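Visitor: One structure, pasted below without further comment.
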Amino acid sequence: MSAPSFFSLRLPRGGEHKGEVKCFVTGASGFIGANLVHELNARGHEVRTLLRPGADVRGLAGAQYDVVPGDLGDTEALARGMAGADWVFHVAASYHLWLKDYRPMYEANVKGTDNFIAAAVQAGVPRIVYTSTVGCIGLPKEEGGKVIPTDETAESSEAQMSNHYKLSKFQAERVARDWAAKGAPVVIVNPSAPIGPRDVKPTPTGKIIVDFLNGALPAFLDTGLNWVHVRDVAVGHILAAERGRVGERYILGNADGNWTLQEALQRLERLTGVKAPRLKVPYWVAAAAAHVDEAVSGLTGKAPKAPLAGVRMAKYKMFFNPAKAIRELGMPQTSPEEALKDAVAWFRAHRYAN
């Protein structure tokens, strides 16, 4: 890594291009962010990253990037990172399902998003990509016992946000949409449930795979996700910068990835030979256990193993329709089975699992 050295290439607002592009990425040490940096490198683009001192950069191993030390509250660092940039990606977020004090999470997610977009507008950046979540989109509905995947037209509300993380991201997306309404060149992407390599922490979805491989998943809830390869999500960010319409949001998911948790575990069993759990836990049992777990955490200050927020999120099958991103952006559609296979291989290679 070296000192930043952007040259003055300027692109029009959106549109496809050839040649090197100057990019600035927050959240580069995270799962999506690290894969985004690698994909930008693969296309010959130059990357700056906003990283806190001591950040865990294992996911960035082998990538080429310059570091701007700081965080989302450091407006000077944001200005340095964005100087001369053509595309900026705000991927960073504080993601916690349980905290004793949630105020820092709102500060990072809501105020941090406002700081980021304000700095990008001040710097005259031609394209701003904000990473939201499908949790900010209206919940899927059931018709005749079948879950109908929802799309970007399904609006939600603060009342539907079942935990502080989702509420903070809902408010942050509203900030991004307000900036776009005022003319800022903001495109919003809403990833579903990415899986694949470089999940170093791992994410809650990745932990399902790790626990499965280690025989630490004795039962499952009747829930569902839209499973998507993290590489496709990273590429979707780049396509949003190239082709996305300002003010629009795009679900970065897989059209064939709407699986129940049981279906995903059965596919893992076929891929790995590890037996999938057969016991389905009723929602009320999981919720009761989470209440007890959080009561204990309130006394000890230690995070619960099963936060109530996670159980509440699992109450719904989060099935989504990414047709808009496929149609307008050319969002790739790697098979979810391959995503699972790549995730298993990466976790095993890095000794997370047997």
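Visitor: In the structure displayed, which of LYS111/LYS324; LYS166/LYS317; LYS275/LYS302; LYS201/LYS302; LYS141/LYS166; LYS100/LYS280 lie more than 21 Å apart, Cα to Cα? Kindly include the intermediate steps, with their values, before the conclusion.
Guide: Values: LYS111/LYS324 29 Å; LYS166/LYS317 16 Å; LYS275/LYS302 32 Å; LYS201/LYS302 18 Å; LYS141/LYS166 19 Å; LYS100/LYS280 30 Å.
Going by Cα-Cα distance, LYS111/LYS324; LYS275/LYS302; LYS100/LYS280 fall outside the 21 Å limit.
Visitor: For the stretch 152-206, run through the trypsin sites (Lys or Arg not before Pro) and keep only the ones in DSSP coil with at most 16 other Cβ atoms within 10 Å of their Cβ. Can you show the working numbers first?
Guide: Details: sites: LYS166, LYS169, ARG174, ARG177, LYS182, ARG198; in loops: LYS182, ARG198.
Filter output for the stretch 152-206: LYS182.
Visitor: For semi-axes √(5λ) of the Cα gyration tensor in Å, one of (i) 44, 25, 17; (ii) 37, 22, 19; (iii) 32, 22, 21 was computed from the structure I shared and the rest are decoys. Which label?
Guide: Recomputing semi-axes √(5λ) of the Cα gyration tensor in Å here picks out (iii).
Visitor: Let me ask you something else. Please identify the DSSP H helices in the chain that span no less than 18 Å along the helix axis (Cα) and have a mean Kyte-Doolittle hydropathy of -1.0 or more. Working shown, then result.
Guide: Details: long enough: 164-181 (25 Å, -0.86); 230-243 (19 Å, 0.48); 283-300 (25 Å, 0.72); 336-349 (19 Å, -0.24).
Helices meeting the span and hydropathy rule in the chain are 164-181, 230-243, 283-300, 336-349.
Visitor: Might you report the magnitude of the Cβ-based charge dipole of the chain about its Cα centre, with Lys and Arg at +1 and Asp and Glu at -1, to the nearest 20 debye?
Guide: Computed charge dipole of the chain: roughly 380 debye.
Visitor: While we're here: Based on alpha-carbon centroids, what's the gap between the stretch 30-91 and the stretch 118-157 in Å, whole number please?
Guide: What the calculation gives is 23 Å, centre to centre.
Visitor: Sticking with this structure for a sec: Hey, if you put +1 on the Cβ of every Lys and Arg and -1 on every Asp and Glu Cβ in the chain, which of TRP227, VAL47, ALA172 ends up farthest toward the positive end of that dipole?
Guide: TRP227
Visitor: Per residue of the chain, what 222 nm ellipticity follows from adding -39500 (n - 2.57) for every DSSP H run with n ≥ 4, rounded to the nearest 500? Can you show the working numbers first?
Guide: Numbers: 11 runs with 128 residues, N = 354.
Result for the chain, helices only: -11000 deg cm²/dmol.
Visitor: Let me ask something else. Taking amide H positions as placed 1.01 Å from N in the peptide plane, with prolines and chain starts having none, which residues 5 or more places from ARG48, or on another chain, fall under 5 Å of its amide H?
Guide: The list, which skips near neighbours in sequence, is CYS23, PHE24, VAL25, ASP66.
Where a number appears in this text, it was derived from the coordinates with a stated rule and is not lab data. All values reported here derive from a predicted model rather than from experimental measurement. No Cβ is skipped: glycine too gets one built from the backbone with ideal geometry, and neighbour counts run over all protein chains shown.
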